[in-house]
Amino acid sequence: MEQQSQTNRNPKTQPIPPYMKAISGSFGGVMEACCLQPIDVIKTRLQLDRTGNYKGIVHCGATVYRAEGVQALWKGLTPFATHLTLKYALRMGSNAVFQSAFKDSVTGSLSNHGRVLAGFGAGVLEALAVVTPFEVVKIRLQQQKGLSPELLKYKGPIHCARTIIHEEGIFGLWAGAAPTVMRNGMNQAAMFTAKNAFDVILWKKHEGDQRILQPWQSMVSGFLAGTAGPVCTSPFDVVKTRLMAQNRDGGKSKYKGMIHAIRTIYAEEGVCALWKGFVPRLMRIPPGQAIMWAVADQITGLYEKIYLYSSAAL
């Protein structure tokens, strides 16, 4: 704590600007998307499986591979990669802005309460601005089964978005916004707080201390921080997926909203259905955070070392 207080009082210490946080997050998002898309496809298929067609993660992946080919495990990659790039840019940049707003004006320190609020605010903003429309398109593409493109309703991400707007209106792209806001807000509140805590506990690393973590250290902290959200927010993720997947053409929908969806899933499928896809989600999010933070910490660390402290030394 004393070391952190000294860092905060150091007049030469400058915060990393939000735009650099945004850039670091976007590069991390691209890397995460390319590595982990198959797990996201499997998670979506499991969450949409109401009849028990898939017996588990391995069976689901093998079934998709045999029936649709290996390329099917990367279905929805374009919207997924684009969405992750924009999402992480907005998340990291807005979190930096919110953290600056919540810092003590005298000491420049940020309390844990302020860190949680900054993370929640960043999660809500990313959910409304980026995550919901991109995930609607991604999930609609991922739920399609078959090998013949001419038999698929959606031919690609642009065609999918246009079809949704034509059939369901512009707000069709924001289906499932409420559970997405809850999921992302809680996720980011937990993730940013936990990442900072693990950096301090494991590596004695404080922002502004002129140290750059090794990539493997960032991966460990990011992985551990990434486990916090899925445990608490899986029901919101299941409900989000169901709401996004249902077609509202004609005005008829099985689920009327977040609360109705939770009640319906619980009544028809049992409480465990609200945690469907939890294991593949746990397989995707912590490794994804590990990859993202390994990239982001290197970029922000180098910027901190080259631009902030070299200029401060002059």
Ratio of the Cα radius of gyration of segment 232-296 to 2.2 N^0.38 Å, where N counts its residues: 1.38
Three principal axis lengths of segment 1-135 [C-alpha, angstrom, descending]: 62, 28, 25
Fraction of the pair-distance distribution of segment 152-224 above 20 Å, Cα-Cα pairs, percent: 56
D_trans [Stokes-Einstein, Kirkwood Rh over alpha-carbon pairs] for segment 223-270, 25 °C, 0.890 mPa s, µm² s⁻¹: 204
Surface accessible to a 1.4 Å probe, residue 198 within the full protein complex, Å²: 60
With eigenvalues of the C-alpha gyration tensor scaled by 5 and rooted, segment 178-314, Å: 40, 15, 11
Label-to-label distance, nm, for residues given as residue 275 and residue 252 (7 Å Cα→Cβ offset): 3.5
Carbon and sulfur %, accessible surface of the chain computed with the full protein complex present, 1.4 Å: 66
Furthest towards positive pole of dipole, 226, 214, 264, structure part the chain, Cβ charges: 264
For the chain, radius of gyration divided by Kirkwood radius, i.e. Rg to Rh on alpha-carbons: 1.01
Segment 77-142: translational diffusion in µm²/s, Stokes-Einstein, Kirkwood Rh over Cα pairs, 10 °C, 1.306 mPa s: 124
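Suppose a student asked you for the relative contact order of segment 6-157, using Cα pairs under 8 Å spaced at least 6 residues apart; what percent would you report?
30
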Cα-centred dipole magnitude for segment 12-125, charges only on beta-carbon of K, R (+1) and D, E (-1), debye, nearest 20: 80
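Roughly how big is the chain's charge dipole about its Cα centre, with Cβ charges of +1 (Lys, Arg) and -1 (Asp, Glu), in debye to the nearest 20?
Working: 35 positive and 20 negative charges, 114 e Å.
Using Cβ point charges on Lys, Arg, Asp and Glu, the chain gives about 540 debye.
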Virtual paramagnetic centre 7 Å along Cα→Cβ of residue 145, amide N under 18 Å, in segment 206-247: 242, 245-247
Principal-axis tilt of helix 215-226 within the chain, Cα atoms, nearest 10 degrees: 60
Crossing angle, helix 258-269 versus the chain [Cα axis fit, 0-90 degrees, rounded to tens]: 60
Degrees separating the helix 132-142 axis from the principal Cα axis of the chain, which is the longest one: 50
Rounded accessible area of residue 272 (nearest 10 Å², 1.4 Å probe): 110
Positive-pole candidate from 275, 180, 15, dipole of the chain, charges at beta carbon: 275
Selected from 194, 142, 125, residue furthest toward positive end of dipole (segment 100-203; charges at beta carbon): 142
Segment 296-304 - phi-based ³J(HN,Hα) in whole Hz, Karplus 6.51/-1.76/1.60, Gly and Pro as x: 5, 5, 5, 5, 5, x, 5, 4, 4
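Which of the peptides 54-63, 224-233 is most tightly packed, and how do the rest follow, judged by the mean count of other Cβ atoms within 10 Å per residue? Don't skip to the end; give the middle numbers.
Working: 54-63: 15.1, 224-233: 19.8.
Highest mean packing first, the order is 224-233, 54-63.
The values are calculated or read from the model by the stated rules, or taken from the named source; none is laboratory data. Predicted model, so just to flag it, every value in this text is computed and none were measured. FYI the Cβ positions are ideal-geometry reconstructions off the backbone, even for glycines, and counts take in every protein chain you see. Side chains are part of the model used for accessible areas, which takes the heavy atoms of the whole protein and leaves out ligands, DNA and RNA. Shrake-Rupley method; radii C 1.70, N 1.55, O 1.52, S 1.80 Å.
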